[in-house]
């Protein structure tokens, strides 16, 4: 029997432990080693076609975090958390983005660019679908949420608290962080750090439907 890298109990205990942290301990910071691991979890996040239509902006500068509070519906998590990750999409994906990805694939896998031409055609055809049937920005945003989920689960396994936040003004985030000029657009935020002892939500029982109400088996 193969030994599991993480036990069932460890995984489920940490998923039960995590919650959307409302109050962070502003004086407790994530270690450099743990943060490097979390950043690598973002790099390793899966995406459709492996295209990675995103950028993750990590904010630790206190002045910038404070500036983000008013454009985050006044939520203090962005100011008090150790790290703030802004999940942004690459807007209006096209030929340049495909060629950049395939160049990286050729480099990593040691193959010729020409050998990837068939895959290139598939990607270009996918992105060139009629606008009434396909919105590349909407598609990219859905990919970002895959990375968000992986980030929060990875943090939980390290005993690090997170809070996913859609309650932001994306256009203002883009302005403050200079994203629009680079062709990116903020979608969602995750704050990360350690819960404050005063956060009453930390001890509330999770409210989830029973498994037979949300899981259907087709055998």
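Throughout, read-outs are computed from the coordinates displayed, never taken from laboratory work. Not measured: the values here are computed from a predicted model. Here the Cβ positions follow ideal geometry from the backbone for every residue, glycine too, while neighbour counts run over all protein chains shown.
Here is how the numbers come out for the structure above:
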read-out: Ranked 146, 89, 168, criterion: other C-beta atoms within 10 Å, fewest first; value: 146, 168, 89
read-out: Fewest-first sequence of 86, 122, 108 by Cβ atoms within 10 Å of each Cβ; value: 108, 122, 86
read-out: Neighbour-count order for 152, 165, fewest beta carbons within 10 angstrom listed first; value: 165, 152
read-out: FRET efficiency estimate (nearest 0.05) - Cβ-Cβ, residue 142 to residue 95, R0 30 angstrom; value: 0.90
read-out: Rounded FRET efficiency, nearest 0.05, which uses the C-beta distance separating residue 37 from residue 128 and R0 of 41 Å; value: 0.60
read-out: Gyration tensor (alpha-carbon) shape descriptor, region 1-131, a/c threshold 1.5; value: oblate
read-out: Simple spin-label estimate for residue 58 and residue 76 in nanometres, 7 Å along Cα-Cβ; value: 2.6 nm
read-out: Euclidean distance between Cα centres, region 80-128 to region 140-179, Å; value: 20 Å
read-out: Linear extension gain, residue 69 paired with residue 206, 0.36 nm per residue minus alpha-carbon span; value: 46.6 nm
read-out: MRE, 222 nm, helices only [DSSP H, n ≥ 4, -39500 (n - 2.57), over the chain, to nearest 500]; value: -12500 deg cm²/dmol
